[in-house]
Amino acid sequence: MKTRRRPYADCAVQAESRSPQLLVLLLLAIAGAILCTPRLIAAETLNTYVAHYETSMYGMTLDIERKLTETDEGYRLSSQGKSFAATLSEVADFSVTEGRIAGKQFTYQLKSLVKRRREVHFLPEQGIIRSLKKKEWTEFPWEPDALDRLSQQEQLRLTLIEAEEQGNPAPESLTFVVIDGPKRGEKILDLVGVEKLDTAIGSLETLHYRRRYDADSDRSSDIWVAPSLDFLMVLTRHEEDGSPIELSITSADVDT
């Protein structure tokens, strides 16, 4: 594992709060301060990590373990959760080239009273992206920047790492193309600002991003990431139809 030094210098970042927000199905998030002296290694590598989160959704409480590991072809990001009534698994395989994540395959499985499975296959040699939901496949034309909903979160992290390496402030808005089931969507995140959060692992300065929705939408999605933890997510909140889901960090071990 290549290591990345973090010689930070304080850098103030401000942004106006804007309306709507960020969607993450199993909401994951992390906190930290925004600091901006360039690092010695460009954003061609990601530091691996193991982080644990706690969330409540659909009447269940889940402990989630998220792990980023290196593979022969790049990286594997996995998210695993269990409760007495359900088992959740998400796995994304990808590589990193010139600061961009290149997806390979994504699989989501939920086993409970209802079983759900989703997949996304990135097939550049065939010029297509295939996506599975409810046992039906959808094909999309190839897009080199397209992501699945799990690797999207590592692209957010990678983008913020690159901005820091270049001595730039955190972007005020970010756009990601995400393939999820039969839908191709552009998710826009707006920077709300720098905020200090009290978490299970201590007080952290964080970057707070909010997903942009239509003005009449009843949905809201927010994510907080921590520069001091290599831009890991520490907190995510999503609300739809008055039903909130929150995922908060309980531990983190980042290989730096």
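The values are calculated or read from the model by the stated rules, or taken from the named source; none is laboratory data. Nothing here was measured: the structure is a model prediction, and the numbers come from that model. A quick note on method: Cβ atoms are made from the backbone with ideal geometry, for glycine too, and the neighbour counts reach across all protein chains shown.
When T69 is tested against (1) under 21 Å from A252 (Cβ atoms); (2) surrounded by fewer than 15 Cβ atoms within 10 Å (Cβ to Cβ); (3) modelled with pLDDT under 80, just one condition goes unmet, and that condition is (3). For segment 93-150, filtered to residues that are of a type in the set (V, I, T) and buried (at least 19 other Cβ atoms within 10 Å of the Cβ), the residue that is nearest to A163 (Cα to Cα) is I101. Within segment 190-239, restricting attention to residues that are within 26 Å of T48 (Cβ to Cβ) and of a type in the set (S, T, Y), the residue that is surrounded by the most Cβ atoms within 10 Å (Cβ to Cβ) is Y209.
Residues of segment 178-233 that are within 26 Å of V120 (Cβ to Cβ), small (G, A, S) and touching a Lys or Arg at 6+ places or on another chain (Cβ under 7 Å): G181, S221. In segment 133-173, which residues are touching a residue at least 24 places away in the same chain (Cβ under 8 Å) and farther than 30 Å from L207 by Cα? Result: K133, K134, E136, T138, F140. Filter segment 72-94 for residues that are among the aliphatic types (A, V, I, L, M) and more than 17 Å from the chain's Cα centre (by Cα); which is modelled with the highest pLDDT? Once the filter is applied, the top-ranked residue is A86.
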